[in-house]
Amino acid sequence: MSASLAALAPIFFLIALGYALRRIGVPGEGFWAGAEKLTYYMLFPALLLHSLAAASLGGIAVLPAAAALTTGVVTIAVITLAIRPWLNLDGPAFSSVFQGTIRFNTYVGIAAALALYGDPGLTLTVIAIGILVPVVNVLSVAALAHFAAQRPQGVARLIGAIAGNPLIIACALGAGLNAGAIELPALIADILRFLGRASLPIGLLAVGAGLSLKAARQAGPAVVVTSALKLIALPLVTLAACKLFGVSGLTAKVVLLFSALPISASAFVLAGQMGGDKELMAAALTLTTVLAAVTLPLILALAPALLP
C-alpha cells in the first residue's frame, strides 16, 4: 500500500491545496470558474486527443475492458434504481444519488494512472474514458430527465447534450485519427501536448476548490449510501466483471482504478442545469473525494492479489 500512497499523495495534495487556496481567496473567486472551464473545454480534451491519436493500441484487449467497465456501471445503476423505495427521496435528490454512484473524476483517474503506471497506464486510461464517458452521460442525463427535470426534455436535446460533450468529441477525434493511422502534424501535436500537460495540475486544483466540507458535514444517509455504492460496491462489481471477461494485467488494474474514483464536478454542474439536488450532489462529491484518499490506495494495494 505504501507504493500506492506515495504515487497518489501528490494528487490529493494538489486537491487539498486547491481547497485551501480558495478558502483564503487566492488568486480570487473569479479565477476558479474560469480555470474549471478552461480545463474542461480545452486543456483536458487536448490531452485526450493527443494521447489517443498517438497511442499504440496493439495488444490491448479493448472489448473485454469495455465489457468490464460497462458491466460495473450498469449493474450499480440498476442497484441504485432498485433501492430507491428505501431511500425515501424526492426525484431531484434521487437523481443526484444516481449520478453520484456512477460518475467518475477523470482528472484524478488520469493523474493516478500516469503516476502509478506511466505512459502505458495513460493510454489505457484514455481508452477507459472513451468507453465510460458516453455510457455515464447517457445514464445520468436520462435519470435527470426522468426524475428531476421540471419540464420534459426532448430526445434531440438529450442527444445534443451528450454529443456536445468535449471529452466525447476529443476521444472520437483521437480514436478516428488512430484508426486511420493519420499522424498529427508536429506543430499541432506539440501544441496539444503542451496544453494537455497543463490540464492535470489545474484540474486537480479546481477539484479541490470546488469541495464543500460544510455540505459534507451536513450529509445525510443518502450521501453515505451514494459514497458506499461508488467507492466500495462499484469496485467490487467491476472486479467480478474483470474475472468474468478475462481482463488481466495492467488493463485490469486501470479498469479497477476507474471504478474506484470519486465523483466528478461535472455531476454538480449537470444537476444544476437539469433540476437535480445540487446540495446533495456537492456533499456526495466532497465526501467521496475525501474518502477516496483512503479507499483508492487501499483498493489499488489489494489489486494484485484480487485481479486475475
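The values are calculated or read from the model by the stated rules, or taken from the named source; none is laboratory data. Because the structure is predicted, anything quoted here is derived from the model rather than measured. So basically every Cβ, Gly included, is an ideal-geometry build from the backbone, and we count neighbours across all protein chains shown.
Applying the set (1) surrounded by fewer than 20 Cβ atoms within 10 Å (Cβ to Cβ); (2) in contact with a Cys (Cβ under 8 Å, 6 or more places away or on another chain); (3) without any contact (Cβ under 8 Å) to a residue 60 or more places away in the chain to A240 leaves exactly one unmet item: (2). If you take the residues of the range 205-221 that are farther than 24 Å from A9 by Cα and not hydrophobic (A, V, I, L, M, F, W, C), which of them is modelled with the lowest pLDDT? It comes out as Q218. If only residues of the range 73-119 that are more than 15 Å from the chain's Cα centre (by Cα) and of a type in the set (F, W, Y) are counted, the one that is surrounded by the fewest Cβ atoms within 10 Å (Cβ to Cβ) is W86. Could you list, in sequence order, the residues of the range 3-38 that are in a helix (DSSP H, G or I), free of Cβ contacts under 8 Å to residues at least 12 places away in the same chain and not aliphatic (A, V, I, L, M)? Correct list: F13, R23, E29, G30, F31, G34, K37.
Looking at the structure I just gave you, is L14 over 29 Å from V225 (Cβ atoms), modelled with pLDDT of 90 or more and crowded, with 20+ Cβ neighbours inside 10 Å?
So L14 fails the test.
Taking residues in the range 71-96 that are modelled with pLDDT under 95, and partners anywhere that are of a type in the set (V, I, T), the pairs with Cβ atoms closer than 7 Å and at least 6 places apart or on different chains are L87/V97; L87/V225; L89/V97.
Within the option set L177, L195, L200, being buried (at least 20 other Cβ atoms within 10 Å of the Cβ) and of a type in the set (A, V, I, L, M) holds for one residue only, L200.
For a quick check of your reading: which helices (runs of 4 or more DSSP H) sit entirely within the range 43-124 and have at least 2 residues that are among the aliphatic types (A, V, I, L, M) and at negative phi?
Numbers: elements: 44-54, 62-82, 84-87, 91-102.
The qualifying helices (runs of 4 or more DSSP H) are 44-54, 62-82, 91-102.
If you go through the range 110-132 and pick out every residue that is of a type outside the set (S, T, Y) and farther than 16 Å from P297 by Cβ, you end up with 13.
One residue is enough: does the range 235-254 have a residue meeting the conditions small (G, A, S), touching a His at 6+ places or on another chain (Cβ under 8 Å) and modelled with pLDDT of 90 or more?
Kept after step one, since they are small (G, A, S), are these residues of the range 235-254: 240-241, 246, 248-249, 252.
Still in the list and also touching a His at 6+ places or on another chain (Cβ under 8 Å): none.
No: the range 235-254 contains no residue that is small (G, A, S), touching a His at 6+ places or on another chain (Cβ under 8 Å) and modelled with pLDDT of 90 or more.
A206 falls short on exactly one of the conditions (1) farther than 15 Å from T286 by Cβ; (2) under 20 Å from the mean Cα position of the chain (by Cα), and that condition is (1).
I'd like the residue in the range 30-60 that is more than 16 Å from N178 (Cα to Cα) and among the aliphatic types (A, V, I, L, M) and, out of all such residues, is surrounded by the fewest Cβ atoms within 10 Å (Cβ to Cβ). Spell out how you get there, then give the answer.
Let us first name the residues in the range 30-60 that are more than 16 Å from N178 (Cα to Cα), namely 30-44.
Next cut, among the aliphatic types (A, V, I, L, M) only: 33, 35, 38, 42-43.
On the way: A33: 12, A35: 18, L38: 17, M42: 16, L43: 21.
The qualifying residue surrounded by the fewest Cβ atoms within 10 Å (Cβ to Cβ) is A33.
Every condition in (1) in contact with a helix residue (DSSP H, G or I) (Cβ under 9 Å, 6 or more places away or on another chain); (2) surrounded by fewer than 23 Cβ atoms within 10 Å (Cβ to Cβ); (3) not acidic (D, E) is met by G249 except one, and the failing one is (1).
Yes or no, residue by residue, for (1) within 18 Å of L122 (Cα to Cα); (2) of a type outside the set (S, T, N, Q):
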site	(1), (2)
A163	no, yes
P166	no, yes
A189	yes, yes
L200	yes, yes
G203	yes, yes
S212	no, no
V225	no, yes
F258	yes, yes
F268	no, yes
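Among the candidates A228, A215, which residue alone is at negative phi, of a type in the set (A, V, I, L, M) and buried (at least 19 other Cβ atoms within 10 Å of the Cβ)?
Details: A228 fails: buried (at least 19 other Cβ atoms within 10 Å of the Cβ).
Of the residues listed, the single one that is at negative phi, of a type in the set (A, V, I, L, M) and buried (at least 19 other Cβ atoms within 10 Å of the Cβ) is A215.
One residue stands out among those in the range 137-162 that are under 19 Å from M281 (Cβ atoms) and outside any helix (DSSP H, G or I): the one that is modelled with the highest pLDDT, which is A148.
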